[in-house]
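The values are calculated or read from the model by the stated rules, or taken from the named source; none is laboratory data. In this text, all values refer to a predicted model and were calculated from it rather than measured experimentally. In this analysis, Cβ positions are derived from the backbone assuming ideal geometry, glycine residues included, and neighbour counts consider all displayed protein chains.
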Amino acid sequence: MIIERETRIIDLTVEQLSKVIADSFAHSPAPELQEDVPLNVVQACQFLGDMPKPTLYFKCNKGDMPHIRQGGRLYFFKRDLINWLRSYTVVSPESKAADFLSSFKTNFQAKR
């Protein structure tokens, strides 16, 4: 099925439109591959909500942030940065208390 480049979308049949959409997705990179592309310092700062460069360098030098040093440059992977951010999730005191009470009730009922 050959579709002319000048053909208007409204003139396509459902089958032709489905093929055009499928072909366009076939040529776009998969989301998991986009995470495997290394970020440079500027891109990592932008990804982390416009983190200042000195803060990023400080955290890398301290060994606090996941990074790769190659040829005097720093590189980062999105999935590593996301996991690093998740490791700093703060649990509220109310949530801690609810978890404690839940485990206490479970243990108390198990001993009865």
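Every condition in (1) within 19 Å of the chain's Cα centre (by Cα); (2) farther than 29 Å from residue 43 by Cα; (3) small (Gly, Ala, Ser) is met by residue 95 except one, and the failing one is (1).
In summary, helices (runs of 4 or more DSSP H) completely within the range 39-91 and bearing 3 or more residues that are over 16 Å from the mean Cα position of the chain (by Cα), surrounded by 10 or more Cβ atoms within 10 Å (Cβ to Cβ) and without any contact (Cβ under 8 Å) to a residue 12 or more places away in the chain occur at 53-62. Only residues that are acidic (Asp, Glu) and modelled with pLDDT under 80 were counted in the range 7-22, giving 1. Scanning the range 69-92 for residues that are within 18 Å of residue 46 (Cβ to Cβ) and hydrophobic (A, V, I, L, M, F, W, C) returns 74, 76, 77, 81, 82, 84, 85.
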